[in-house]
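One structure is given below, encoded as structure tokens.
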Amino acid sequence: MMNRDKLYKKYLTEEQFSRMNDGSLSEDEKREILQKYNNILRIISTYLPQNIVKTKIGNYISSLHDGRFVEGTLLFLDVNGFTALTEQLNRYGNEGSEEITRILNSFFSEMVNIILKFHGALLKYGGDAMMVYFSSENDFCGDLHAYHALSCAFEMKNKMTEFGKVESRFGHFLLSVSIAVHSDLFYETCVGDPEIHSEYYLTGNGVEITADMEGYAGKNEILICEETFFRVREYVRATEKREPYLLVKEFDGLKLPPVTGSKVDINFEDIYELFVTLDALKCYLLQGIYEKVQSNWQRLNLEGEYRLVSVIFLNYYFTKDIFSELGIGKEEEIHTILKEYFGTVQDTVNSFDGVINKVDMYKKGDKIIIIFGFPRSHYDDEERAIKCSHLIMENTKKFKNISFAGCDFSIIQKIGIHTGFIYAGNVGSPLRKEFTIMGDTVNLSARIMSGAGEDEIWMSDVIYKKAQSISLIKTTEEKQFKGKSGLITVHQLGGIIKERAISEELFIGRNKEKETLIAAFQKSSEEPSAIQILGSVGVGKTALLREFLKNVTVRHEILIGRGIPYGKNIQYNAIKEILTHYFGITGKDDEAKIEGKINSYMKFLKLEHLSYNIPLIGAMLTDGFKNSAILEVEDPIAKKELLFRTFAAL
């Protein structure tokens with residue numbers, strides 16, 4: 001545990017810390033500190049599973065361990081029809097994304113109330129899915145964990161009468177749920193560096209079975225395993241065999257009163273105890289979220305935002321079921337393997353300044369979601385994502401053909417990468433939510449990963465076009481993915497093209513230019529700005545830019561374009577490069593597709609008021625806008641002014 005002074009320095013201002021130490025901090029000031037950080041802790045607790053909150057805050061017998069086998073029942077719920085809803089509403093830009101979030105949060109709020117009513121712990125949101133754990137610990141469900149879980153499942157199913165037909169501003173959509181309920185021994189673990197980010201999750205064969213089981217369930221159906229049936233058989237009224245599982249048709253559920261609020265009271269009266277608890281919990285948050293909460297501590301909600309990001313989906317699994325092979329009595333050895341693997345991935349991601357979003361269940365093994373571009377953006381996030389993926393494969397080769405604790409195994413990995421706009425914001429209920437990323441970019445990254453082979457890295461054509469200078473491609477294919485009407489071009493990464501070494505001599509006598517560039521960049525934090533670097537060929541403009549980027553902290557997006565001195569259609573080439581990157585335009589896009597992407601993103605960014613000017617931007621990239629009225633403006637200066645005004649708005 002961190003010593004008292006170090007903990008106080010972490011959360012108090014210098015003046016507060018000094019006065020706390022000399023005893024001059026008034027009672028009113030102490031109450032203000034307690035009020036602020038109790039409220040921060042209340043907000044944070046809504047982003048974490050109930051079992052973590054209870055064991056860290058409540059005086060409960062059960063406690064989290066680094067790794068242990070736990071008995072309980074897992075419920076996995078997936079929403080059917082949400083992929084179609086998302087694909088349809090994404091066409092309406094920001095308004096569509098906000099409508100998706102509204103519908104999803106309305107649904108999740110009702111589901112969370114039901115979960116808490118039956119003493120479940122919502123472990124993860126997975127887009128339109130939920131993973132809920134009913135623990136056998138006496139603080140939760142005890143021996144009736146399967147009864148609680150199946151009762152919860154039936155109440156969720158019955159609630160679908162309110163969500164079967166969802167109305168939106170853009171039409172109505174039909175939704176249903178598929179639910180799997182599985183009782184087993186699960187492996188519970190906490191991994192990661194607490195100073196950066198920790199992950200709590202359940203894993204093992206029982207989790208894989210639950211994920212597999214859901215795939216057999218139809219619309220508004222509930223499937224259970226034999227073990228669950230054995231535990232609840234006296235309450236089951238009708239079943240149907242759905243090999244290798246059981247479909248439950250009628251069930252006498254547990255009757256419990258509804259939940260009206262959080263089950264954990266947070267009202268610390270001791271500042272040190274409060275800081276210790278806060279320190280123990282905030283490491284489970286997505287990186288960057290604690291800072292958002294701290295700056296908005298008087299509000300119980302965080303604003304969402306739209307960001308251009310690169311997303312990595314990493315699936316990993318063992319060639320042997322180490323949880324059964326090692327088993328009870330070897331919990332520490334299992335945790336050592338998981339900790340070492342996750343630590344290797346986390347260190348690699350951190351070296352490229354990316355963040356781990358979460359570890360989540362998958363039909364085989366688990367998956368890790370990694371983000372570049374949120375909460376911190378870099379001008380080269382696409383390259384970072386690809387380099388990071390390649391280095392993860394390299395750094396984890398030590399987990400091939402190893403023998404540990406009497407078990408011989410390897411870890412197999414599959415990676416999918418894509419880039420594009422996402423919505424980053426709260427998903428869920430005021431009582432239990434996640435700050436996560438959503439959108440087509442996330443979905444396609446997951447689909448690309450699912451189509452990868454053992455130890456393969458595949459990427460979309462969009463991200464390849466933005467990072468082809470460093471990407472060595474092994475093969476290119478056209479693939480069909482769920483939720484996509486047409487074929488998607490994907491590339492298998494074969495290696496990384498090494499960058500040429502940059503001579504330090506290029507920067508001799510260039511400190512003045514670098515300082516001028518840094519000063520201009522710092523000033524640009526007040527409002528979006530364009531910085532132009534001019535110089536003759538070979539003078540070192542690119543080298544100066546690289547040196548500058550090494551010396552600044554980038555919290556927002558930097559778009560870089562290159563002017564060229566000769567060739568065809570070179571006018572505004574720097575702006576063209578930026579726009580091509582910004583709109584996600586690839587070499588295979590025809591005029592209609594380019595026009596569609598431009599119009600879609602202008603809607604997405606709520607810039608429809610510039611619709612008259614958009615053809616000026618579009619005409620630089622395609623002939624699809626050639627008949628637009630604004631192109632008839634004869635005054636070149638006026639046309640240039642309109643073009644730059646539109647570019648500045650972007």
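The values are calculated or read from the model by the stated rules, or taken from the named source; none is laboratory data. Keep in mind that this is a model prediction, so the values were computed, not measured. FYI the Cβ positions are ideal-geometry reconstructions off the backbone, even for glycines, and counts take in every protein chain you see. Side chains are part of the model used for accessible areas, which takes the heavy atoms of the whole protein and leaves out ligands, DNA and RNA. Shrake-Rupley method; radii C 1.70, N 1.55, O 1.52, S 1.80 Å.
Restricting the search to segment 451-488, which residues are open to solvent by 50 Å² or more (accessible area, probe 1.4 Å), not in a strand (DSSP E or B) and not charged (D, E, K, R)?
Across segment 451-488, the qualifying residues are GLN468, SER469, GLN480, SER485, LEU487.
How many residues are assigned to a helix (DSSP H, G or I), open to solvent by less than 20 Å² (accessible area, probe 1.4 Å) and of a type outside the set (Gly, Ala, Ser) when one looks only at segment 79-112?
14
So for segment 382-394 (the condition being in a helix (DSSP H, G or I), crowded, with 22+ Cβ neighbours inside 10 Å, of a type in the set (Gly, Ala, Ser) and in contact (Cβ under 8 Å) with a residue 40 or more places away in the chain), does at least one residue qualify?
Yes, that holds for at least one residue.
Quickly run through segment 361-381 and pick out the residues that are at pLDDT 95 or above and of a type in the set (D, E, K, R).
ASP366, LYS367
Inspect all residues belonging to segment 168-179 and state whether any of them is part of a helix (DSSP H, G or I), closer than 19 Å to LEU247 by Cα and under 27 Å from the mean Cα position of the chain (by Cα). So that I can check it myself, show each step before the final result.
Initially, segment 168-179 is screened for residues part of a helix (DSSP H, G or I), giving none.
Scanning segment 168-179 turns up no residue that is part of a helix (DSSP H, G or I), closer than 19 Å to LEU247 by Cα and under 27 Å from the mean Cα position of the chain (by Cα).
Can ASP353 be described as under 30 Å from MET20 (Cα atoms), open to solvent by 30 Å² or more (accessible area, probe 1.4 Å) and either without any contact (Cβ under 8 Å) to a residue 60 or more places away in the chain or part of a helix (DSSP H, G or I) (or both)? Before the answer, list the steps.
Values: under 30 Å from MET20 (Cα atoms): no; open to solvent by 30 Å² or more (accessible area, probe 1.4 Å): yes; either without any contact (Cβ under 8 Å) to a residue 60 or more places away in the chain or part of a helix (DSSP H, G or I) (or both): yes.
Criteria not met by ASP353.
Regarding SER168, is this residue of a type in the set (S, T, N, Q) and touching an Asp or Glu at 6+ places or on another chain (Cβ under 6 Å)?
yes
Give the residues of segment 601-646 that are among the polar types (S, T, N, Q) and either more than 19 Å from ARG91 (Cβ to Cβ) or modelled with pLDDT of 75 or more (or both), sorted by residue number.
Once the filter is applied, which keeps residues that are among the polar types (S, T, N, Q) and either more than 19 Å from ARG91 (Cβ to Cβ) or modelled with pLDDT of 75 or more (or both), segment 601-646 yields ASN613, THR622, ASN627, SER628, THR646.
Name every residue in segment 416-432 that is of a type outside the set (A, V, I, L, M, F, W, C) and buried (at least 24 other Cβ atoms within 10 Å of the Cβ), in order of residue number.
Across segment 416-432, the qualifying residues are GLY416, HIS418, THR419, ARG432.
Within segment 423-443, take every residue that is over 21 Å from ILE43 (Cα atoms) and modelled with pLDDT of 85 or more and give me the one that is nearest to the chain's Cα centre (by Cα).
Top of the filtered list is VAL442.
Are any residues in segment 269-292 acidic (Asp, Glu) and either touching a residue at least 40 places away in the same chain (Cβ under 8 Å) or assigned to a helix (DSSP H, G or I) (or both), and if so, which ones?
Initially, segment 269-292 is screened for residues acidic (Asp, Glu), giving 269-270, 273, 279, 291.
Those that are acidic (Asp, Glu) and either touching a residue at least 40 places away in the same chain (Cβ under 8 Å) or assigned to a helix (DSSP H, G or I) (or both): GLU269, GLU273, ASP279, GLU291.
Considering only segment 405-420, how many residues are on the phi > 0 side of the Ramachandran plot and in a strand (DSSP E or B)?
So the answer is 1.
Go through segment 3-19 and report how many residues are open to solvent by 40 Å² or more (accessible area, probe 1.4 Å) and either more than 15 Å from GLN294 (Cβ to Cβ) or in a helix (DSSP H, G or I) (or both).
As a first pass, look at segment 3-19 and keep what is open to solvent by 40 Å² or more (accessible area, probe 1.4 Å): 3-6, 9-10, 13-16, 18-19.
If we keep only those that are either more than 15 Å from GLN294 (Cβ to Cβ) or in a helix (DSSP H, G or I) (or both) too, we end up with 3-6, 9-10, 14-16, 18-19.
Within segment 3-19, residues that are open to solvent by 40 Å² or more (accessible area, probe 1.4 Å) and either more than 15 Å from GLN294 (Cβ to Cβ) or in a helix (DSSP H, G or I) (or both) number 11.
Given the criterion surrounded by 17 or more Cβ atoms within 10 Å (Cβ to Cβ), farther than 17 Å from VAL259 by Cβ, touching a helix residue (DSSP H, G or I) at 6+ places or on another chain (Cβ under 9 Å) and not hydroxyl-bearing (Ser, Thr, Tyr), identify the matching residue among PHE118, PHE163, PHE134.
Just a single option satisfies the conditions, and that option is PHE163.
Restricting to segment 173-191, name every residue that is surrounded by fewer than 20 Cβ atoms within 10 Å (Cβ to Cβ) and more than 23 Å from GLU137 (Cβ to Cβ).
PHE173, LEU174, SER176
Could you grab me the full set of residues in segment 192-236 that are open to solvent by 50 Å² or more (accessible area, probe 1.4 Å) and in contact with an Asp or Glu (Cβ under 6 Å, 6 or more places away or on another chain)?
Correct list: ASN205, TYR235.
Which residues, taken from segment 320-349, are open to solvent by less than 60 Å² (accessible area, probe 1.4 Å) and either touching an Asp or Glu at 6+ places or on another chain (Cβ under 8 Å) or among the acidic types (Asp, Glu) (or both)?
Correct list: ASP321, LEU326, GLU331, GLU333, HIS335, PHE342, GLY343, GLN346.
Pick out the one residue from ASN315, ASN267 that is open to solvent by less than 50 Å² (accessible area, probe 1.4 Å) and either under 30 Å from ASP380 (Cβ atoms) or more than 18 Å from the chain's Cα centre (by Cα) (or both).
The unique qualifying residue is ASN315.
Scan segment 531-550 residue by residue and report those that are modelled with pLDDT of 75 or more and open to solvent by 90 Å² or more (accessible area, probe 1.4 Å).
GLN532, LEU534 - these are the residues of segment 531-550 that are modelled with pLDDT of 75 or more and open to solvent by 90 Å² or more (accessible area, probe 1.4 Å).
Out of LYS363, LYS367, report the one residue that is open to solvent by 20 Å² or more (accessible area, probe 1.4 Å) and assigned to a strand (DSSP E or B). Walk me through it before giving the result.
Details: LYS363 fails: assigned to a strand (DSSP E or B).
That would be LYS367, the only listed residue that is open to solvent by 20 Å² or more (accessible area, probe 1.4 Å) and assigned to a strand (DSSP E or B).
Go through (1) touching a helix residue (DSSP H, G or I) at 6+ places or on another chain (Cβ under 7 Å); (2) over 17 Å from VAL191 (Cα atoms) one by one and return the number of the condition THR348 breaks.
Just one mismatch for THR348, condition (2).
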